[in-house]
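Before any comments, here is the structure.
The values are calculated or read from the model by the stated rules, or taken from the named source; none is laboratory data. Quick caveat, the model's predicted, so the values are computed rather than measured. To get the accessible areas, we keep the full protein, side chains included, count just its heavy atoms, and leave off ligands, DNA and RNA. Shrake-Rupley method; radii C 1.70, N 1.55, O 1.52, S 1.80 Å.
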Amino acid sequence: VGIATAPFGALLRWKLGKLLNGKCTGGPCARWPLGTLTANLLASGLLAALAGLCEYDVFGEVAADGNGAWYAEATLKGVGLGFCGCLSTVSTWINEVNTLLSPRPSAEAAAGYGCGCAGVTYALGSVALGLAVGVPAFGWSRS
């Protein structure tokens, strides 16, 4: 299941990057790559919901003999591993944080904004937003 769903996660991440990266030019999120952020938040929320569904045995008790609940849980874990794993991207996120942390020789630097502060706010904001999406999604799956 993971192999079958992985390409769709990667394609969606690529499409979101093409559509949204470079769109935020002002305010507290200036220069943030919104496509990567959106992909990571979608993956965080979906993976948290899938983990909650598996954790709380929504499909019944999983038995070692391969009952229906076992197959349902294995399918959900495969979607989480494949689709969500390729939709979220740590390597691109790290590269973008590193780029944003680099001082920029520009008018921003002359004004005192070339310190790489966008990288710090993007990194911390991504983690905070990921938790803000993932925790409620995990809780929702319990109900």
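Values for this structure:
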{"quantity": "Three-way shape label, segment 1-51, alpha-carbon gyration tensor, a/c 1.5", "calculated": "oblate"}
{"quantity": "Residue-level accessible surface for Leu11, protein heavy atoms, 1.4 Å, Å²", "calculated": "100 Å²"}
{"quantity": "Listed residues Phe83, Phe8, Phe138 arranged by accessible area, highest first, probe 1.4 Å", "calculated": "Phe8, Phe138, Phe83"}
{"quantity": "Trp70 accessible area, assembled protein chains, probe 1.4 Å, Å²", "calculated": "110 Å²"}
{"quantity": "Thr75 - accessible surface, heavy atoms, 1.4 Å probe, Å² rounded to 10", "calculated": "60 Å²"}
{"quantity": "Sequence of Thr89, Thr99 when ordered by accessible area, the most exposed leading, probe 1.4 angstrom", "calculated": "Thr99, Thr89"}
